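Below is one structure, written out as structure tokens; the observations come after it.
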Amino acid sequence: MIKELVTKTIDLGSGSAEEKRQEIRDYFLKTWTIDELLYRQLKSDEVFYHRGDPLRHIILFYLGHTSVFFINKLYLAKIIERHINPKFESTFAIGVDEMSWDDLDNNHYDWPPVSEVREYRDEAKKVILDVIDNAPLVLPIDWESPFWIVMMGIEHERIHLETSSVLIRQLPLDLVRPDLFGERCATAGEAPENELIPVSGAIMRLGKPFDYPLYGWDNEYGEYEEEVAGFQAARYLTSNGEFLEFVEDNGYETEAYWTEEGWRWRNFKEAAMPLFWRREEDGYRLRLVAEEIGMPWNWPVEVNYLEAKAFCNWKSAKTGRNFRLPSEAEWYRLHKAANLTDVTEWEQAPGNINLEYFTSPCPVDTFEQGGFFDVIGNVWQWTETPITGFPGFRVHPMYDDFSTPTFDGKHNLIKGGSWISTGNEATIHSRYAFRRHFYQHAGFRYIDSDAPLQIQQADYLTEEDVTLSCENNWGDAFTGNLIFGKQLAKLAGELLPENPGARILDLNADTGRLAFELARSYRDVTALDFTARMIRVPIQLQEQGYVRYTMKDEGELVFYRDVVLSDYGLSETKEHILFMQSDAMNLKPNYSGYDLIIVPNLLEELSDPLLFLSQIHTRLNEKGYLLLVSDYEWDEEKTPRDKWPGGFKKDGEPVTSLDGIKDVLAPHFDLYREPQDLPLSLKKTTRTSEKRLVQVTVWKMRG
């Protein structure tokens, strides 16, 4: 069954429109089917409520997540006009697990029956097929095309085919069933002796042009050049047998081999061998996705970065050489030395990749590639490179949090793909990164090099909307400008004087200044923002105490800004704040019970401010306050005309936005004080600003 579903990612630039439509339809259906086949390995529906990894969601989340992702992105891109199930499309929405703004407390989730999730998937499938069959299609398909969003959903589902298989692999063995997802490799034996092969140096150019014909994630684009010095690389991936030497030489008990981060992890997990190894009286066994087998010593070892790095340090100490993992650029040099091409040029995969051969790893000496083995395929390979964007990087507006949350120096790239890497994951330009303690179907190849590591630094935020927000939130340190967030915090203090236990919700956190100012006086502040690229700024300030960004001066000149939280006197109370990514139009039930909700310059950004205002009382305590700030600049591109509170004539008479807001809030609120106009100056460059006059209204909920 799996073999019938094998395919490759699609060339989006060639052929006729109708041929391409059918090709994408077939690609979607095969992706959908293989994703559902993966879950056949669970013994019963009850298993969906288990977690494979304590730091990630229950398995059910991933069954629902891939279909919800499609619907949310198609709706956000205005390709479809309505949601299917708003509750599901909130609960199953955020799939970036291990980010500090992701909420993994199961008490906050009302998980539905598996049958309802399957029914939702069936409904979503019909909607997606209707889009594929009827949306306008013009070649080449690029970022602006509705079919780019379709491809985004398909490639996203293919990522989760792999990540979900890792989570199933971590379930107790008695909860899964073998032999229901293709055929594993049946060949096993003793590990081959590894050896080093020289690779000459070269100038490597990384990054994908924006007109490349295959779908790509935002982090793949841009241009980066690096001169790679010559090095020696292991012929084979490190096998289980080779890694056993490290284990038996007390590698897991010797602190000197580990980085500081690695040793903390090792002690926390009490790790004594790789996660998927099992030690029994008669020897070692290996856990696969849905079964255990006798240890295949000639298969690649699967470890996290911290273990791979400790092995390299151990090998260096034993030999007096400089062993380490390759950088991203060195991996590309190895790829070129192996004479490998991109996926579209394959008649058959040159390695154990794309599910073309096995549904497991295989011996490390099976697939030769230019004198090396498994430069691509079998298992992913950890690199020394923390992921960041190439020069020219920009986010796709429909998925702004795919990459940017990982640009924190804590996520290292994996390269080369694994046996279950399909679609975009199997392409030469794919760039996926995980926390260093994380497990994928990943191992490593070591190199010997005296050249110092070159790690691209991209410390300064450069995305224009983010940097302008930083300047308008934090620029008083550089310009002395009056910061609007400080004014709103002062108003909050007048509403809730001497009440440090009050609960406050900021529904447009932006880059965080208002929330940090509120935290001076209140111990329970929740600050939400729709976009990951905004919310990551205050999270970094909270976690690291500083953030850096560039501010446009004139022409091509910029200023480099460093914001240090302690310089503002805000570091002592930073832990009073919970920053989260969330959609104000689709809030989870746990965001309730507040004494004050502040809605700063958000109404005019919402798709349905009338609906939002009609429901906001459910989030407040009795006699709680609602503080609205808006310039009432309604835009039909963001808010349909029939959803405006005001700003139009009705029956020949003008209806102001304040009039409309009064009508919506009247069943539950009284206007607490007279509306107040405040000037708002938004810095654009060193010499230009935009002046606005916003109206501040305060409403008190009736008891």
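Nothing in this text is a laboratory measurement; each read-out follows from the coordinates by a stated rule. The structure displayed is predicted, hence computed values, not measured ones. Cβ sites come from the backbone with ideal geometry, for glycine too, and all protein chains shown count toward neighbours.
Here is how the numbers come out for the structure above:
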read-out: Interchain or long-range residues, amide H under 5 Å from D524's placed H; value: I504
read-out: Spacing of the two label points (7 Å from each Cα toward its C-beta) at F478 and F559, in nm; value: 0.5 nm
read-out: Nearest-ten-degree value, helix 328-337 long axis tilted from longest Cα axis of the chain; value: 40 degrees
read-out: Coordinate range along principal axes, alpha carbons of the stretch 376-526, Å, largest first; value: 62, 33, 33
read-out: For N378, residues with placed amide H under 5 Å, excluding near neighbours; value: N352, I353, W419
read-out: Stretchable slack from K486 to D342, in nm (0.36 nm times residue separation minus alpha-carbon distance); value: 46.6 nm
read-out: Using θ = phi - 60° and Karplus 6.51 cos²θ - 1.76 cosθ + 1.60, couplings along the stretch 212-218 (whole Hz; Gly, Pro as x); value: 5, x, 9, 4, x, 7, 4
read-out: Stretchable slack from D133 to R40, in nm (0.36 nm times residue separation minus alpha-carbon distance); value: 30.6 nm
read-out: For the stretch 259-408, convex hull of alpha carbons as volume per residue, Å³; value: 197 Å³
read-out: Cα long-axis angle, helix 260-269 against the chain (0 to 90 degrees, to the nearest 10); value: 90 degrees
read-out: Theoretical gain in end-to-end length, R702 to E674 [0.36 nm per residue, Cα-Cα removed]; value: 8.3 nm
read-out: P(r) tail fraction, the stretch 3-175 - alpha-carbon pairs more than 21 Å apart, %; value: 50 percent
read-out: Quotient of C-alpha Rg and 2.2 N^0.38 Å, computed over the chain; value: 1.02
read-out: Using θ = phi - 60° and Karplus 6.51 cos²θ - 1.76 cosθ + 1.60, couplings along the stretch 344-359 (whole Hz; Gly, Pro as x); value: 5, 8, 7, 7, 9, 4, x, x, 7, 8, 6, 6, 7, 10, 9, 10
read-out: Overall form of the stretch 140-231 per C-alpha gyration tensor (a/c, 1.5; a/b vs b/c); value: oblate
read-out: Inter-label distance for S607 and T187, nm, one decimal - labels placed 7 Å from Cα along Cα-to-Cβ; value: 5.1 nm
read-out: Whether the stretch 350-414 is rounded, prolate or oblate, judged on the alpha carbon gyration tensor where a/c under 1.5 counts as rounded; value: prolate
read-out: Unpartnered cysteines - no second Cys beta carbon under 4.7 Å - across the chain; value: C312, C470
read-out: Beta bridges by DSSP in the chain, antiparallel share as percent, to the nearest 5; value: 70 percent
read-out: With Cα atoms, 0 to 90° folded angle of helix 59-76 axis to the chain main axis; value: 50 degrees
read-out: Cα gyration tensor category, rounded, prolate or oblate, for the stretch 461-701 with a/c compared to 1.5; value: oblate
read-out: Interchain or long-range residues, amide H under 5 Å from I428's placed H; value: V343
read-out: In order through the stretch 491-503: 3J(HN,Hα) via Karplus (6.51 cos²θ - 1.76 cosθ + 1.60), integer Hz, x for Gly, Pro; value: 4, 4, x, 6, 7, 10, x, 6, 9, x, x, 4, 9
read-out: Ranked packing of 37-47, 378-388, most packed first, by mean Cβ within 10 Å; value: 378-388, 37-47
read-out: Cβ-defined net charge surrounding F88, 13 Å radius [Lys, Arg +1; Asp, Glu -1]; value: -2
read-out: Nearest-0.05 FRET efficiency for K649 and R82, computed from C-beta distance (R0 30 Å); value: 0.60
